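K.L.:
Submitted below is the structure of interest, expressed as structure tokens.
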Amino acid sequence: MAVSGLIMLGYLLVHMYGNLKFFQGREKFDHYLHETLPHILYPYLPEGGFLWILRVVLTVAVVVHAYAAITLWRRNKAAAGYVGGSRYQTKQNKTGYQRSYSSFTMRWGGIILALFIIGHVAQMMPNWLSPGGASDSKYDRVVNGFEIWWVVLLYTIGLVAVGLHLAHGFWSALTTLGQNHSSTRRGSRWTAISIGLATVITVGFISVPIAVFFFGAGS
């Protein structure tokens, strides 16, 4: 669970870097996507070879992550002492449960993320799903799509889910891997780092649709 999550986190950081090239204009954005990425490690790998390796690694990571999540949820449910649909409670938290909002939304957030990934992949493939109009230029497809309010709304919902997932997931992954030695979540330095990292990624991705829809970027 932890390792597969960190693999996907690494991809998100690189993906965000690529997305932010949108602000450099059509020529540089399209050149990055159409020329730079397919030629990574070329000629040691065939053209596009690195991207296919990346796709396979990410697909395996997603499948492993989903399988681990379902398995751990079942084990947790059996071990937590659910009786009549209730779970253990504590007076240490005003809501009665020892969990943050991010951890509380992990399960449904994961489902939203799965749907978001499917839609996003379909949108980024060559004119499979092109709200606003198809184009050979990915820059133009981004602009065409994010000029539509419901596309921006769905994208924002997906990115908020990503942020909440990361805020808990990164902290949890480091705890699993033995890097978090604090006795409390508030006392852990990784808590602020996790929230900060989740915020940077969320804002980084959302900045593109916000710039297009509200400020006319790319028009």
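We did not get these values from a lab; they are worked out from the coordinates using the rules stated. Small disclaimer: the values here were computed from a predicted structure and weren't measured. Positions of Cβ are generated from backbone atoms using ideal geometry, with glycine treated the same way; all protein chains shown enter the neighbour counts.
K.L.:
Counting other C-beta atoms within 10 Å, which of 31, 165 has the fewest, and how do the rest follow?
P.N.:
The most exposed by this proxy come first: 31, 165.
K.L.:
Quick one: order 8, 1 by neighbouring beta-carbon count within 10 Å, fewest to most.
P.N.:
1, 8
K.L.:
Separation between the residue 27 and residue 74 pseudo-spin-labels, each 7 Å from Cα along Cα→Cβ, expressed in nm?
P.N.:
According to this spin-label approximation, the distance is 5.6 nm.
K.L.:
Still on this structure: For residue 179 and residue 64 in one chain, what is 0.36 nm times their gap in residues minus the Cα-Cα distance, to one decimal in nm?
P.N.:
39.2 nm
K.L.:
Students often get this wrong: which residues of segment 158-175 have the backbone nitrogen under 12 Å from the point 7 angstrom along Cα-to-C-beta of residue 214?
P.N.:
none
K.L.:
While we're looking at this one, here's another question. Taking a ≥ b ≥ c as the square roots of the Cα gyration tensor eigenvalues, with a/c under 1.5 meaning rounded and otherwise prolate when a/b beats b/c, else oblate, which class fits segment 24-67?
P.N.:
In terms of gyration-tensor shape, oblate.
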